[in-house]
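Notes to accompany the following structure.
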Amino acid sequence: MESRSNVSRRNFVGGVAAAGAATALGVVTLKPGGLLSRGVTESEAAAAPTTASQVAAASSSDEYDSLAKLANNENPYGPPESVMKAIQNSMKYSNRYGYPDGGITQAIADHHGVKPENILLGAGSGEILEVVGTTFLLGNKKVVGCDPSYGSVYQQATSIKADSVKIPLLPDYRQDMPAIIEATKDNYRDVGFVYLCNPNNPTGRIVSKTEVKQLLDSIPEDMPVLIDEAYHHFVDDRSYATSVPYILEGRPVIVARTFSKIAALAGIRIGYAIARKDIIQRMTPYSTGTISAIAKHAAVAALKDTESQAHVKKVTIELRNKTTSELQKLGYATIPSDANFFMVHIKKSVQPVIDDFKKKGVLVGRPFPPMLEHLRVSVGTPEEMNRFMVAFKELFPSVKA
Ligand SMILES: Cc1ncc(COP(=O)(O)O)c(C=O)c1O
């Protein structure tokens, strides 16, 4: 749920209202096979939703279903039967406040070998990122992280008048750990926390376990480090590891996880933080604490269904590799990814191409400055990837053909 978590809670209400108003005015003209296909005026087009998420949210249910949704790194297959059943069974609590929570906090704690006091639930990990931002940046502190990365933390910093120290990616699009370490040490007194997205969104590249250790061992030992592991479940690279063990060691590491990606619960909204008890206690006052009964029960069932998650990982990686090798054969370089999305270098400005894909009913990722010639594509179903490749070949004559 990228666009939501990129927007502060305050702004989100306005965004929904604006999208609703646009729909009421008939500005959104998404049709199967062609966005804005009735020839809208320029002023109408200017008022139309711009990001793929806004387009999707403003479209009718039928229009939405007809789109190939490759913009938000979702699991396109939806929750497995076991989770759907748990959702169904928990609907009976819809009218209650004091509903049984299915033991979700204990279930997450058991899953990671920590205690319930080490867990904070959020309405998606997007809420966790905001809570970390508010907890550690109030008072004009800075967050240090790479750029481009998942922008939510930096946007939260801006919304509370804090600063971001953004370190450019290396030429091979990996995160520049020595530069992140140096920036953290140089600004030590002003830095509220370090943000590491692993694997990174939008590139899909990992930070190796050696590099994570190098970071933690090189910066002041009381420096909080937020490690966003939203795409953890898709990683195959053996040099990668989760950073949860550092929490057990007592380091000030906060790991953010989500049920939105591999577990296919993006629309249900549940994620969590794992951290030391004292850190969870500092963060808790800033969290909403309102996770629905359905989300909690769905998440408990999802933790148990490892088989379906293994299947999603397998088919997603196969399809990612198949698509990227087809693109390479056409002469377009892709960045090696360990996630359920990848970036392709399209050798021209990405925004008009995103719009061209939209006209063909294919939603692809937004621009990620300064990588303005790279298109981020989520791995959808085989049918969606086929539509993407058909559209790609129409929009890009192969340089090798
Ligand atoms: C790296 C990263 N972190 C966090 C999130 C937030 O996801 P959610 O709020 O659905 O858990 C996303 C969403 O796309 C993401 O890409």
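Can you give me the C-alpha center-to-center distance between the range 230-291 and the range 357-373, rounded to a whole angstrom?
Each part's Cα centre sits 28 Å from the other's.
Once phi is turned into θ = phi - 60°, what whole-Hz ³J(HN,Hα) does the Karplus curve with 6.51, -1.76 and 1.60 give for every residue of the range 324-341, x standing for Gly and Pro?
Each residue of the range 324-341 in turn: 5, 6, 4, 5, 4, 5, 7, x, 10, 6, 10, 8, x, 10, 10, 10, 8, 7 Hz.
Extension gain D190-R238, at 0.36 nm per residue separation less the Cα-Cα distance, in nm?
Stretched fully, the D190-R238 segment lengthens by 13.8 nm.
If each residue of separation counts as 0.36 nm, what is the full-extension length gain between K347 and K304 once their alpha-carbon separation is subtracted?
So the extension gain works out to 11.1 nm.
Please compute the length gained on full extension between E81 and E182, using 0.36 nm multiplied by the number of residues separating them and subtracting their Cα-Cα distance.
31.5 nm
Could you tell me the calculated FRET efficiency between Q214 and D278, based on Cβ-Cβ distance and R0 = 22 angstrom, to the nearest 0.05?
0.30
Quick one: which residues, 5 or more positions from N73 or on another chain, have an amide H under 5 Å from its amide H? H modelled 1.01 Å from N in the peptide plane, none for Pro or chain starts.
Excluding prolines and chain starts, which carry no amide H, the hits are S378.
Step through the residues of the range 115-127 one at a time and calculate ³J(HN,Hα) from phi using the Karplus curve (6.51 cos²θ - 1.76 cosθ + 1.60, θ = phi - 60°), rounding each to whole Hz and writing x for Gly and Pro.
Along the range 115-127, the couplings run 9, x, 5, 8, 10, 10, 7, x, 6, x, 6, x, 5 Hz.
Every read-out reported here was derived from the displayed coordinates using simple, explicitly stated rules and does not represent laboratory data. Owing to the predicted nature of the structure, the values given are computational and were not obtained by experimental measurement. Cβ coordinates were reconstructed from backbone atoms using ideal geometry, including for glycine residues, and neighbour counts include every protein chain displayed.
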